[in-house]
C-alpha cells in the first residue's frame, strides 16, 4: 500500500501526526529516509522521484452539507439508492455528535436477517 501511495507526487494529510506516522512507516517498512526542506516542507525520495508530504487543515462546511441533504434532489437520490440496494444490508458508521449524516456500504443481505433495512 505504501508503494502505491508513494507513486504520487504529493501525499496530503489533515494533521501533522498522520504525516509523521506515514513517514515513519516509509522508513520502517521500506527503508526510506525522509527529508525536511528549509521552508518546512517534508519529502520522501522514492524510485525516480521525490514525494512531497503536505499537511493542510481542511474544514468541512457542515451547515451547507446539511442544508443540501435536506433538499429535494438529495431526497430523490436517497430514494433511488434505497430502491437500487433493496434486499441488501447497509452498514453505516455511528454519527458524529450533532450530525445526522450517515454514509455506508451495501452488501448482500444474509439469510439470517429477517428484515434488511
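The values are calculated or read from the model by the stated rules, or taken from the named source; none is laboratory data. In this text, all values refer to a predicted model and were calculated from it rather than measured experimentally. For neighbour counting, all protein chains shown are included, and Cβ atoms are generated from backbone atoms with ideal geometry for every residue, glycine included.
Brief remarks on what is shown
- Listed by first and then second residue, the pairs with beta-carbon distance under 8 Å, at least 6 apart or on different chains, first residue in region 37-64 and more than 21 Å from residue 25 (Cβ to Cβ), second at pLDDT below 80 and surrounded by 13 or more Cβ atoms within 10 Å (Cβ to Cβ), form an empty list.
- Looking only at region 19-32, and only at residues there that are free of Cβ contacts under 8 Å to residues at least 12 places away in the same chain and either in contact with a helix residue (DSSP H, G or I) (Cβ under 6 Å, 6 or more places away or on another chain) or not in a loop (DSSP other than H, G, I, E, B) (or both), the one that is surrounded by the fewest Cβ atoms within 10 Å (Cβ to Cβ): 28
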